[in-house]
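> Got a structure for you, written out below as structure tokens; questions coming shortly.
The values are calculated or read from the model by the stated rules, or taken from the named source; none is laboratory data. Nothing here was measured: the structure is a model prediction, and the numbers come from that model. Counting neighbours? That spans all protein chains shown, and the Cβs are built from the backbone with ideal geometry, glycine included.
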Amino acid sequence: MPAQKERTLRRIVIRDLRPISPFNEPARDLRILNKPLWLFQRDVLASYTREERETSSLEAMPSDRVESIVYRDNLFFDQAFIDHFLKRARSLGKACRVAFSPNDPAIKTHALPLQSGIRLEKGFTEGDLLVADLWYFPHGKEPNPRPLVVDTLAREIGYYNVPKYMAPNQGDLTYQIPRRAFLSIEHWVHLFIANVPFGVFAEGARAEKEIERTVPKLRVLLSAMVQRKKAISSPALVKIGKDVRIDPTAVIHGPTTIGNNVFVGPGAVIDNCVIGNNVSVAQGCQLMLSVVGDGSFLPFRASLFMTSLGENSMVAQNTCLQMCVVGRDTFIGAGSTFTDFNLVPRPIKVFYRDQLVDLNLPVIGGCVGHNCRLGAGLIIFPARTIESDVLLVGSRTEKVLSHNITYADSDHHKLPRGLELHPPQYPHNGK
């Protein structure tokens, strides 16, 4: 980590007020690895910066000659990325802007779709480059900052072997996992990418690379040898907070982070996850490559696979979420299933700028907004969304959701005193 004496940077944040559907709030307020994005950015830069200012654009930043880092508040970047960018930028001593090769596998495959924040610009001496709204100014704002090309150190990783028909155009079901992650959050799919492939998956890749590169700490190696496991799965790579109760029959593989006041019940399996504070994971739950927000509750036999669950949410028993994003304060009823694979070999598409767009992912789950209440036994098709403040009763005739559900489709509009019993908490149609 950088020394405290390096806390000389001014952090200038450019506000991006565009709401992200179906949450209907800006990206800065949505959670990445169990933190609001604005707080995640602040923590990553905490050891470098001494003050923060907000502005509406680069042109509106202060004109004084103060060393500054400027970025748009919908950007996701991890510690490894910022450490590398600022080390090179400071050694260069010139105003610069983050850039990527158009052939960078992680950026090209996962960061470019469904967004405009990372864009191609021509005319550089290095050739055509992808640039984004993150700048470094050693002496205050300067015109024409030069591009600083960052290699994300992407590595193709698959989580297990699957039948070929699940990825007919891709060959194998894999992701390009960066060890230096960067993303512009402009769509709910980007939350999936940031939390899972660029989040917990990338953390696992970094841990594995570190073990390969150096002699592991003795406790990691010994723990793995005693339990006849790979070092990456050693309990020594599991970080556990205070007042945590874990049943002896639970299985936890690292790298995993568990917060304070957490309960993990008998037979639960947790593999490479981030678990927040005050979370209950009851008996028989299965969690893999997932993020569980503070205060959430998973009763018995609930399953999350490559899914991010917002704070104070609940996934009831026998419910399975695969590759999904769920907002805060949301309840998902028992026996519900979010599918992630088209049974017929057609591309999975999502709405982007009011058009259906090919997602270029062979599998993806659904997305549920904030303050939703979903009844039992629902089946949701791949890539479908349910807007914030929606209530779907378990007795509805339409149990299979093959289209996006908006606030206007919510069943609480049909119930006596429905608006009083389930008041909306988020804007709808600009209101």
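> Can you tell me which residue is nearest to the chain's Cα centre (by Cα) among those in the stretch 304-319 that are assigned to a strand (DSSP E or B) and crowded, with 21+ Cβ neighbours inside 10 Å? Give the derivation first.
Here is the first cut: in the stretch 304-319, the residues assigned to a strand (DSSP E or B) are 304-305, 308-309, 314-315.
Keeping just the survivors that are crowded, with 21+ Cβ neighbours inside 10 Å gives 304, 308-309, 315.
Numbers: Leu304: 14, Ser308: 7, Leu309: 10, Val315: 19 Å.
Applying the filter and picking the extreme gives Ser308.
> Name every residue in the stretch 128-147 that is on the phi < 0 side of the Ramachandran plot and in a loop (DSSP other than H, G, I, E, B), in order of residue number. Don't jump to the end; show me each part of the working.
Step one: list which residues in the stretch 128-147 are on the phi < 0 side of the Ramachandran plot, which gives 128-139, 141-143, 145-147.
Across the stretch 128-147, the qualifying residues are Asp128, His139, Lys141, Glu142, Pro143, Pro145.
> Right, next: Looking at (1) surrounded by fewer than 18 Cβ atoms within 10 Å (Cβ to Cβ); (2) modelled with pLDDT of 95 or more, find the lone condition where Pro2 falls short.
Evaluating Pro2 over (1) surrounded by fewer than 18 Cβ atoms within 10 Å (Cβ to Cβ); (2) modelled with pLDDT of 95 or more leaves (2) as the failure.
> Something else: Of the residues that make up the stretch 342-352, is at least one more than 25 Å from Glu186 (Cβ to Cβ), in a strand (DSSP E or B) and either touching a Ser or Thr at 6+ places or on another chain (Cβ under 8 Å) or not small (Gly, Ala, Ser) (or both)? Give the steps one after another, and end with the answer.
Initially, the stretch 342-352 is screened for residues more than 25 Å from Glu186 (Cβ to Cβ), giving 343-345.
Checking the rest, the ones that are also in a strand (DSSP E or B) come to none.
The answer is no; no qualifying residue exists.
> I would also like to ask the following. Name the pairs: first residue in the stretch 384-397 and basic (Lys, Arg), second residue buried (at least 24 other Cβ atoms within 10 Å of the Cβ) and at pLDDT 95 or above, Cβ to Cβ under 6 Å, at least 6 apart or on different chains?
Final answer for the pair search is Arg384/Gly366.
> Okay, next question. Would you mind listing the strands (runs of 3 or more DSSP E) fully within the stretch 1-109 where at least 2 residues are closer than 27 Å to Leu120 by Cα and out of contact with any strand residue (DSSP E or B) (no Cβ under 7 Å at 6 or more places or on another chain)?
On the way: elements: 9-14, 49-55, 68-72, 75-77, 96-100.
Once the strands (runs of 3 or more DSSP E) in the stretch 1-109 are filtered for at least 2 residues that are closer than 27 Å to Leu120 by Cα and out of contact with any strand residue (DSSP E or B) (no Cβ under 7 Å at 6 or more places or on another chain), nothing remains.
> Still on this structure, I have one more. Looking only at the stretch 353-384, count how many residues are over 19 Å from Gly310 (Cα atoms) and assigned to a loop (DSSP other than H, G, I, E, B). Outline the logic, then answer.
First, the residues of the stretch 353-384 that are over 19 Å from Gly310 (Cα atoms): 353-363, 376-379, 381-382.
From what's left, assigned to a loop (DSSP other than H, G, I, E, B): 353-354, 359-363, 376-378, 381-382.
Result for the stretch 353-384: 12.
> If I ask for residues that are of a type in the set (Gly, Ala, Ser) and surrounded by fewer than 20 Cβ atoms within 10 Å (Cβ to Cβ), which ones from the stretch 376-390 would you list?
Of the stretch 376-390, the ones of a type in the set (Gly, Ala, Ser) are 376-377, 383, 388.
Within the stretch 376-390, Ala376, Gly377 meet the criteria.
> Give me the pairs, please: first residue somewhere in the stretch 61-90 and in the same structural domain as Pro19 (by TED's automatic domain parsing), second residue anywhere and part of a loop (DSSP other than H, G, I, E, B) and among the polar types (S, T, N, Q), beta-carbon distance under 7 Å, and either six or more positions apart or on two chains.
Glu67/Thr8
> Continuing with this model, one more query. For the stretch 313-324, check the following and say yes or no: at least one residue is of a type outside the set (A, V, I, L, M, F, W, C), touching a His at 6+ places or on another chain (Cβ under 7 Å) and over 20 Å from Val262 (Cα atoms).
Within the stretch 313-324, the subset of a type outside the set (A, V, I, L, M, F, W, C) is 313, 317-319, 322.
Keeping just the survivors that are touching a His at 6+ places or on another chain (Cβ under 7 Å) gives none.
So far as the stretch 313-324 goes, no, none of its residues is of a type outside the set (A, V, I, L, M, F, W, C), touching a His at 6+ places or on another chain (Cβ under 7 Å) and over 20 Å from Val262 (Cα atoms).
> Of the residues Ser388, Ser395, which single one is over 24 Å from Gln425 (Cα atoms) and not hydrophobic (A, V, I, L, M, F, W, C)?
Working: Ser388 fails: over 24 Å from Gln425 (Cα atoms).
Result of the check over Ser388, Ser395: Ser395.
> Only one residue in Tyr160, Tyr175, Tyr165 is part of a strand (DSSP E or B) and either modelled with pLDDT under 95 or over 30 Å from Arg15 (Cβ atoms) (or both). Which one?
Values: Tyr160 fails: part of a strand (DSSP E or B); Tyr165 fails: part of a strand (DSSP E or B).
Of Tyr160, Tyr175, Tyr165, the one residue that is part of a strand (DSSP E or B) and either modelled with pLDDT under 95 or over 30 Å from Arg15 (Cβ atoms) (or both) is Tyr175.
> Here are the criteria: (1) crowded, with 23+ Cβ neighbours inside 10 Å; (2) farther than 26 Å from Tyr48 by Cβ; (3) of a type in the set (A, V, I, L, M, F, W, C). Tell me which single one Met166 does not satisfy.
Against the list (1) crowded, with 23+ Cβ neighbours inside 10 Å; (2) farther than 26 Å from Tyr48 by Cβ; (3) of a type in the set (A, V, I, L, M, F, W, C), Met166 comes up short only on (1).
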